[in-house]
Amino acid sequence: MNKPVAHPTFVLQLSCEDRPGIVAAITARLADLGTNIAESSQYRDPASNRFFMRIAFAATLGSAAAIEDGLRPVVQRFNMETTLLDRKRRPKMAIMVSKFDHAMLHLLYQIRVGWLDAEVVAIISNHDDSRETAEWVGVPYHLLPVDKYTKRQQEESVLSVVEATGADLVVLARYMQVFSDDLASRLFGKVINIHHSFLPSFKGARPYHQAFEHGVKLIGATAHYVTADLDEGPIIEQETERVWHGMSAEDFVAAGRDIESRVLARAVKRHLEGRVMLNGRRTVVFA
């Protein structure tokens with residue numbers, strides 16, 4: 001009888017210039033370290049000749065530090081950039097929200113039922129609307145109001161919460177404030193945002209109503225990493241849905257809320273599972 005494959009306890013992400021022997025070298029070294037590979041995905045970007053790989057594996061012996069030490073000869077040989085995720089450690093997540101809480105509520109539900117594996121360590125808001133929700137789920141609530149005169153101080157407070165809680169990921173679940181270039185740079189690669197996919201059209205308030213007035217036939221949402229360029233960070237996940245002339249503006253809003261919630265949750269899940277790798281202004285997302 002075949003022995004079942006152990007549940008993967010680590011995820012290795014690696015990228016480097018493509019050349020022969022990468023897969024053979026890394027998998028052989030993992031075998032030498034006594035690991036059992038459960039999942040492997042790879043991609044070569046022909047434009048940059050860069051190679052990307054994600055390997056999920058079980059390791060009955062050894063810590064993350066021991067595995068990193070064991071992989072070092074191969075990493076140095078191919079000049080790899082690597083990240084090793086220890087799946088035994090539950091990732092910590094901070095959620096930022098303003099007044100519209102649908103995306104946040106969906107994340108909290110998916111965590112409660114176990115589809116998302118994360119611990120929410122803080123809910124941060126510039127309004128007090130979600131305090132009751134935070135109290136209900138037992139998560140510390142940080143009310144940090146902001147205006148153009150207090151933005152710098154407020155962002156320092158945001159960063160203090162992130163650092164004090166040890167948050168691995170910050171999720172902007174309809175947080176309706178623009179990060180400064182400084183904060184976006186300091187948290188690069190660990191902040192995911194969600195927005196409707198009408199941009200650059202229909203900017204500002206009530207975008208779904210604007211779309212309704214222009215007779216739009218497709219609505220959608222985009223989840224992406226936050227960068228200093230507003231709403232132009234590397235995209236992780238998108239979805240669209242067809243709408244029609246018989247729908248009201250409120251129907252557009254309802255459909256948009258639903259899409260935004262689903263897209264954000266999928267993007268967060270893929271990030272937490274180490275399935276997303278940055279490739280310049282784009283991402284490599286392994287299924």
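The values are calculated or read from the model by the stated rules, or taken from the named source; none is laboratory data. Just so we're clear, the structure is a prediction, and the values are computed from it rather than from any experiment. Glycine also receives a Cβ, built like all others from the backbone with ideal geometry; neighbour counts cover every protein chain displayed. Calculation scope for accessible area: heavy atoms of the full protein, side chains included, ligands and nucleic acids excluded. Shrake-Rupley method; radii C 1.70, N 1.55, O 1.52, S 1.80 Å.
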Tell me, in nm to one decimal, what length is gained between Arg89 and Tyr43 on full extension, where the rule is 0.36 nm per residue of separation less the Cα-Cα distance? 13.9 nm
Once you've got the Cα coordinates, tell me which of Lys99/Lys269; Lys92/Lys151; Lys151/Lys269 are over 28 Å apart. Lys151/Lys269
Net lengthening on full extension, Glu68/Phe100 (0.36 nm per residue, minus Cα-Cα): 7.3 nm
Amide H contacts under 5 Å for Asn279, placed H, 5+ residues apart: Val284
Once the mean of 1/r over all distinct C-alpha pairs in the range 173-287 is inverted, the Kirkwood radius in Å reads 14.8
For an R0 of 22 angstrom, estimate the FRET efficiency from the Cβ-Cβ distance between Val146 and Asp229 and round to the nearest 0.05. 0.60
Stretch gain in nm, segment Trp115-Glu241, where the contour uses 0.36 nm per residue and the Cα spacing is subtracted: 43.0 nm
Taking the convex hull of the Cα atoms, report for the range 75-142 its projected area averaged over all directions, in nm². 6.5
Pick the calculated Rg/Rh (Cα atoms, Kirkwood Rh) for this structure from (1) 1.01; (2) 0.98; (3) 1.14? (1)
To the nearest 10 degrees, the tilt of helix 102-112 (Cα long axis) against the first principal axis of the alpha carbons of the chain is 40
Accessible surface of the chain, 1.4 Å probe, proportion on carbon and sulfur as whole %: 51
Suppose only helical runs count, i.e. DSSP H with n ≥ 4. What mean residue ellipticity at 222 nm does that imply for the chain under -39500 (n - 2.57) per run, divided by all residues and rounded to the nearest 500 deg cm²/dmol? -10500 deg cm²/dmol
Rounded to the nearest whole Å², what accessible area per residue is found for the range 37-79 with the 1.4 Å probe? 54
Taking 8 Å as the Cα distance limit and 6 or more residues as the minimum spacing, I'd like the relative contact order of the range 166-237 as a percentage. 34
Could you list the square roots of 5 times each eigenvalue of the Cα gyration tensor of the range 99-212, that is, the equivalent ellipsoid semi-axes, sorted largest first and rounded to whole Å? 22, 20, 15
